[in-house]
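The values are calculated or read from the model by the stated rules, or taken from the named source; none is laboratory data. On a predicted model such as this, the values are computed, not experimentally measured, just so you know. Every residue, glycine as well, gets a Cβ built from its backbone with ideal geometry; the counts of neighbours run over all protein chains shown. Heads up: the accessible areas ignore ligands, DNA and RNA and are worked out on the full protein's heavy atoms, side chains in. Shrake-Rupley method; radii C 1.70, N 1.55, O 1.52, S 1.80 Å.
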Amino acid sequence: MSDFPDYNTTALFVCDAQKYYLDRVKGIDSLIKNIKSLIDSCKELGIKTFMTKHNPSVNDEIIEELEPSNHTVFEKTLYSMYTKEFKKHIDELYNSNEKDTTNHLKTVILAGFETHVCIVQTAFDLLREGYIVHVIVDATASINDIEKTMSLKRLKQSGVFLTTTEAISLQLLRDDANPKSSKKKMSDFPDYNTTALFICDAQKYYLDTLGEVDVPVRNIKCLIDSCKELGIKTFMTKHNPSVYDEIIEELEPSNHTVFEKTLYSMYTKEFKKHIDELYNSNEKDTSNYLKTVILTGFETHVCIVQTAFDLLREGYIVHVIVDATASINDIEYIASLKRLKQAGVYLTTTEAILFQLLRDDANPKSSKVIELITNRSISLLSYHREDEYGYFVILILSIVPFSHLRQSSVGLKLPVTTKRLSMKRISLLFNAYSHCSYSLFLKYENNGTCLISMVCALV
């Protein structure tokens, strides 16, 4: 038996999607959208939907957007959906013909509330009955992240397949040639018509506390100017400015909005309200809803991580720009990026995201945006530093497109005043500014220059 669902032998079970949870669960709007998407998709594919409501005298009725039109709802007090009445109904509908089992129910898509109580117990009952169970992780929730995370681990350990709304829908379709495959699929590839740039707390306080932030600042500036050229809106926050000072001068807003906050995440109630009013107010036409967020700013391990997680819970695609953010030290920075990647955030660079947005050299905005990228590189190349080992140019990687670094060795000349060039010093600088893993090869020449060949790979 395969874990790949066949919509002829599959059903959608929606557990206790009741009004009680509207105030109890984080990111409820996104969860409702995903459950609604599952219901609508299953209806289109001819997959039956079954719902339960748990003790409605206490937990209220089904959430309005999810109210059943032609699917069955069972009232229950048992935590599991799989009551005797529910089981009897399923068996009569699917499993009554013992001679021909080809159309017996085999796969259950399971969504609803709460993950650690009713979803877990329903899944275990279904596994005991021999069903294949897919729990939709972006269409279920618990009262807090710990309960949900531990429950998902427990489910996975027991043999439940964990997946997402989009993934299960495409698994059911299998083929773009499927006549039901008419809806545009959401991609991680940003479209500047449905994308926004969020800049988190780029304040003067960090000029001293984070050490050298020249590269992140220049990259943020490049992103602001490029997004303005592309018609992408920029939104900024400043965190408790009485303590953390005002926005860094080079990044001061001209025509973009700045929100003051004390919450670590950018995604305050005021911020969310503004975004929804600006992008997501037309319920009849969602084609221009905000889908993708480009996220930059300080600090990676605090405000960036918490903002990204809030955005993921709301269903947004999030790209964190690794060379336009920073933390107080490398350990915090690297650990945060790993955590973000694990959660489903896309990690990319300033140059990579801008070329993704352009897509084509024929784009009329292409020449201006490429000029901004090039000017940023030249500025970075001209940044110098002097210490006891000599006077030399740093940030050389910025002159080379990241796309070339993955496959080629690049030879660059560095002016130095001594042959005692510090390998440790260069390693620290390249690590701090390029966010690359790399190998460095040094060759000293008689004319007082140092040839450095590099083979680099993105983190």
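Between Glu44 and Lys365, what is 0.36 nm times their sequence separation minus the Cα-Cα distance? Round to one decimal in nm.
Stretched out fully, the Glu44 to Lys365 stretch lengthens by 111.6 nm.
Rounded to the nearest 5, what is the percent of antiparallel bridges among the DSSP beta bridges in the stretch 1-153?
Percentage antiparallel, nearest 5: 5.
What are the radius of gyration and Dmax of the stretch 273-314, computed over its Cα atoms and given in Å?
In Å, with Rg to one decimal and Dmax whole: 12.5, 38.
Write down the radius of gyration of the stretch 6-164 and its Dmax, each obtained from C-alpha positions, in Å.
Rg then Dmax for the stretch 6-164, in Å: 14.7, 48.
As a test question: what accessible area, to the nearest 10 Å², does Arg24 have when a 1.4 Å probe is rolled over all protein chains in place?
Approximately 80 Å² for this residue.
With every protein chain in place, what's the accessible area of Leu126 (1.4 Å probe, Å², nearest 10)?
0 Å²
Give the shape of the stretch 201-255 as rounded, prolate or oblate, defined through the alpha-carbon gyration tensor: a ≥ b ≥ c are the square roots of its eigenvalues, a/c under 1.5 means rounded, and otherwise the shape is prolate if a/b is larger than b/c and oblate if not.
Oblate, because a/c is 1.5 or more while a/b does not exceed b/c.
With label points built 7 Å along Cα→Cβ from the Cα atoms of Asp6 and Glu277, find their separation and express it in nm.
5.3 nm
Which of the three applies to the stretch 245-367, rounded, prolate or oblate, going by the alpha-carbon gyration tensor with a ≥ b ≥ c and a/c under 1.5 meaning rounded?
Values: a/c = 1.35, a/b = 1.13, b/c = 1.20.
Rounded.
Could you state the principal axis extents of the C-alpha atoms in the stretch 1-84, from the largest down, to the nearest angstrom?
38, 31, 24
Using 0.36 nm per residue, how much length does the chain from Asp208 to Lys84 gain when fully extended, once their Cα-Cα distance is taken away?
38.1 nm
Taking a ≥ b ≥ c as the square roots of the eigenvalues of the Cα gyration tensor of the stretch 51-142, is the shape rounded (a/c under 1.5), prolate (a/b larger than b/c) or oblate?
On the way: a/c = 1.84, a/b = 1.51, b/c = 1.22.
Prolate, because a/c is 1.5 or more and a/b exceeds b/c.
From a point 7 Å beyond the Cα of Arg24 in the direction of its Cβ, which residues of the stretch 131-153 have a backbone N at a distance under 11 Å?
Correct set: 142-144.
Between Asn255 and Ser287, what's the calculated FRET efficiency when r is the beta-carbon distance and R0 is 22 Å? Round to 0.05.
Once the sixth-power term is evaluated, E becomes 0.35.
How big is the stretch 205-306 in terms of Cα radius of gyration and Dmax, in angstroms?
14.6, 49
What is the packing order of peptides 296-309, 269-282, taking the mean over residues of other C-beta atoms within 10 Å and listing the highest first?
Working: 296-309: 24.4, 269-282: 13.3.
My ranking of the peptides, most packed first, is 296-309, 269-282.
Please state the Cα pair-distance histogram of the stretch 90-175 with 10 angstrom bins from zero: what percent is in each bin?
Bin by bin from 0 Å, the calculated values are 17, 45, 29, 9, 1.
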